Amino acid sequence: MTEMTCTSCPMGCRLSAGGVDGKLTSLSGNECKRGETYAQSELFDPRRMLTTTVAVTGGSALIPVKSAEPLPKDLLFPCMKVLRRARAAMPVHAGQVIVQDILGTGIDIVACGEADNK
């Protein structure tokens, strides 16, 4: 059994979940249906949003970036290594793709801010 706190809704239910072969076999503590979906995902395919900064060429600025969708949790540090070497060319606009399809996930890293050489 794995203990976790559900973050799908404001209730923050304390879940106790277990599973085998990619299937949720037991769950307790959830107050709503979303807890079941959350537990399934967290046990077998945990994902997180990645937020960080990327260097901008032509200046000493950093631009805030995030993943367009949650990434597999086990790829967060490898993605950070890629982003540490990435450079965004000015001008940068919010929503602009900085790294496309990071590590073959199909998920883009996009800018959350603006940077220009004005």
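Worth a mention:
Each row is one residue, and each column tells you yes or no for (1) of a type outside the set (K, R); (2) under 15 Å from the mean Cα position of the chain (by Cα).
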site: T37; (1), (2): yes, no
site: T52; (1), (2): yes, yes
site: K73; (1), (2): no, yes
site: L76; (1), (2): yes, yes
site: V92; (1), (2): yes, no
site: D108; (1), (2): yes, yes
site: A111; (1), (2): yes, yes
site: N117; (1), (2): yes, no
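- Listed by position, the strands (runs of 3 or more DSSP E) inside the range 4-106 whose residues that are farther than 28 Å from D116 by Cβ and not basic (K, R) number at least 3 are 14-20, 23-28.
- When I63, I102 are screened for being buried (at least 19 other Cβ atoms within 10 Å of the Cβ), outside the structural domain of G12 (by TED's automatic domain parsing) and touching a helix residue (DSSP H, G or I) at 6+ places or on another chain (Cβ under 6 Å), only I102 passes.
- Subset of the range 33-52 (residues that are free of Cβ contacts under 8 Å to residues at least 24 places away in the same chain and either assigned by TED's automatic domain parsing to the domain that holds P91 or out of contact with any Gly (no Cβ under 8 Å at 6 or more places or on another chain) (or both)): K33, E36, S41, M49
- For L83, the test of being surrounded by 13 or more Cβ atoms within 10 Å (Cβ to Cβ) and closer than 25 Å to Y38 by Cα is failed.
- Within the range 2-10, one or more residues are free of Cβ contacts under 8 Å to residues at least 60 places away in the same chain, surrounded by fewer than 17 Cβ atoms within 10 Å (Cβ to Cβ), in contact with a strand residue (DSSP E or B) (Cβ under 6 Å, 6 or more places away or on another chain) and charged (D, E, K, R).
- Among the residues of the range 15-48, those that are surrounded by fewer than 12 Cβ atoms within 10 Å (Cβ to Cβ) and not acidic (D, E) comprise V20, G22, K23, T25, S26, K33.
The values are calculated or read from the model by the stated rules, or taken from the named source; none is laboratory data. Just so it is clear, the structure is predicted and the values come from calculations on it, not from any experiment. Every residue, glycine as well, gets a Cβ built from its backbone with ideal geometry; the counts of neighbours run over all protein chains shown.
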